[in-house]
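What follows is a set of notes on a single structure, which appears directly below.
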Amino acid sequence: MIQSLTLTDFRSYAAATLSIAAGTVVLHGPNGAGKTNLLEALSLFTPGKGLRGATAPEMGRREPGESGGRAWAVAAVLTDGEEETKLGTGVQSPGAARRIVRIDGETAQPGRLLEHLRPVWATPEQDRLFSDARAERLKFFDRLVFAAEPDHAASVSAYEKALRERLRLLTDGAEGQPADPLWLDALELRLGEAGAAAAMARSAALATLQAAIDGRGDRPFPQADLGLTGEAEAMAGVGAGPEAIAEGIREGMARSRARDAAAGRSLYGPHRSDLTALHREKNRPAAEGSSGEQKALVLNLILAQIARLADQPAAPILLLDEAPAHLDTRRRAALFDEIEALGLQAFMTGTEAELFEPLRGRAQFVRVEGGGLTTEG
Ligand SMILES: Nc1ncnc2c1ncn2[C@@H]1O[C@H](COP(=O)(O)OP(=O)(O)OP(=O)(O)O)[C@@H](O)[C@H]1O
């Protein structure tokens, strides 16, 4: 578990330290106080861009009038019984594009963070996850896949890179001069391989997530029946092997060349897949649900994700930004009880401490204000 967190020139924090004494930490304070910034800092203990999808320079603190962000650092001390591990991330020079990761003082590959922590988060942006743009939903789902299957990130980024190159080739050619077919063949071969790997990982993750959701049938959270659209995912779902799926993608891409060139967009392939969800109780698409219903579905999905990560070597930590908002009293109490029962470390934010009243005496309440963090009581 995380025992302490230190922020240096990170977002709105010049210097702040939080000693963590409980499994559940409640961060409360007015709008703009820095609650989400703190969750974002914790979300950086996994590879990638963190909870806001921000770049490293954006995260450096800027005083009014300063154009660029400063060098910044986020550090945590983890304890596991007797053992202590120090994790750190940040940039050493202002504006540096890539954050570096340190584990026990040594520079390490970001992927190694997964040996220590697996942050999982839910943000208010996800309140309309199921009625939002497809691309956002797929990104959300890919992150769930990646948390248990780190290779998935590499497949998705290899696929996206080849997809961009293919589109450039299709659209850059001079009028009447078709793109080099051999080059397109090579790119589509690569797209097939990377796309098949991504589709298979998605399909496998969907099955374990659905099983985890089904295993949580006795909770006061709505259940979702999940699905994935997309030919490659459908093939993976019925047990097709990587070669067959790759070939299917490659053929589809080859067929789609003229259409993609004319549209200036890539209209075929597993980047167009989507996560679907049916609100089981109501037997209606989740997309039709209210914000509160969608939020409860997403939280159930996140809790199912935590459940399926339980057997991983590194502990999941749960980051919930404004989770109690939109939840009725019954679901709010159930959420708190469940987090405690899961025995995991959770950080939750809200503008009012009262929203977390049932947790008094059971959680650490931290007031966030004026760039400082004050533990109460
Ligand atoms: N790079 C930066 N440097 C300095 N301040 C920043 C930087 N990035 C964001 N901020 C400031 O951080 C504040 C937002 O903090 P945050 O989003 O954590 O608030 P919050 O407590 O979650 O608020 P809310 O309750 O409204 O969600 C804003 O005042 C913003 O100007």
(message) Against the definition (within 12 Å of the ligand (Cβ to nearest atom), over 22 Å from Lys139 (Cβ atoms) and not hydrophobic (A, V, I, L, M, F, W, C)), how does Lys86 come out, yes or no?
(response) no
(message) Among the residues that make up the range 248-268, is at least one of them under 21 Å from the mean Cα position of the chain (by Cα) and not aliphatic (A, V, I, L, M)?
(response) no
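Listed here are the residues, each with its yes/no results for (1) under 16 Å from Gly29 (Cβ atoms); (2) not in a helix (DSSP H, G or I).
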position: Ala334; (1), (2): no, no
position: Glu338; (1), (2): no, no
position: Phe347; (1), (2): yes, yes
position: Leu355; (1), (2): yes, no
position: Gly361; (1), (2): no, yes
(request) May I ask you to say which residue of Pro124, Pro110 is more than 30 Å from Met253 (Cα to Cα) and assigned by TED's automatic domain parsing to the domain that holds Lys86? (result) Pro110
(request) Tally the residues that are within 8 Å of the ligand (Cβ to nearest atom) and crowded, with 16+ Cβ neighbours inside 10 Å, restricting the search to the range 45-69. (result) 5
(message) It is to be established whether one or more residues within the range 137-148 are open to solvent by 20 Å² or more (accessible area, probe 1.4 Å), among the aliphatic types (A, V, I, L, M) and either within 15 Å of the chain's Cα centre (by Cα) or in the same structural domain as Ala16 (by TED's automatic domain parsing) (or both).
(response) yes
(message) Criterion first (closer than 23 Å to Ala310 by Cα and crowded, with 20+ Cβ neighbours inside 10 Å) does Ala201 satisfy it?
(response) yes
(request) Kindly indicate whether any position in the range 28-36 is of a type outside the set (Ser, Thr, Tyr) and more than 11 Å from the ligand (Cβ to nearest atom). (result) no
(message) Taking the condition of being without any contact (Cβ under 8 Å) to a residue 12 or more places away in the chain and part of a helix (DSSP H, G or I), how many residues in the range 306-332 meet it?
(response) 1
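Consider Arg102 carefully, then state whether it is more than 16 Å from the ligand (Cβ to nearest atom), touching a strand residue (DSSP E or B) at 6+ places or on another chain (Cβ under 6 Å) and not acidic (Asp, Glu).
Numbers: more than 16 Å from the ligand (Cβ to nearest atom): yes; touching a strand residue (DSSP E or B) at 6+ places or on another chain (Cβ under 6 Å): yes; not acidic (Asp, Glu): yes.
Judged against the criteria, Arg102 is a match.
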(request) Considering only the range 333-347, state which residues are in contact with a helix residue (DSSP H, G or I) (Cβ under 7 Å, 6 or more places away or on another chain) and under 21 Å from Thr123 (Cβ atoms). (result) Leu335, Phe336, Glu338, Leu342, Leu344, Ala346, Phe347
(request) Residue by residue through the range 75-98, note down the ones that are in contact (Cβ under 8 Å) with a residue 24 or more places away in the chain, out of contact with any Gly (no Cβ under 6 Å at 6 or more places or on another chain) and not acidic (Asp, Glu). (result) Ala76, Val77, Leu78, Thr79, Thr85, Leu87, Thr89, Gly90, Val91, Ala96, Ala97, Arg98
(request) Select, from Ala232, Ala186, Ala153, the only residue that is open to solvent by less than 20 Å² (accessible area, probe 1.4 Å) and farther than 30 Å from Arg331 by Cβ. (result) Ala232
(request) Among what's in the range 5-22 and is open to solvent by 30 Å² or more (accessible area, probe 1.4 Å) and under 24 Å from Leu344 (Cβ atoms), pick the residue that is farthest from the ligand (Cβ to nearest atom). (result) Ala21
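The values are calculated or read from the model by the stated rules, or taken from the named source; none is laboratory data. If you're wondering where the values come from, they're calculated on a predicted model, not measured in any experiment. Here Cβ is always computed from backbone atoms with ideal geometry, including for glycine, and neighbour counts include all displayed protein chains. Side chains are part of the model used for accessible areas, which takes the heavy atoms of the whole protein and leaves out ligands, DNA and RNA. Shrake-Rupley method; radii C 1.70, N 1.55, O 1.52, S 1.80 Å.
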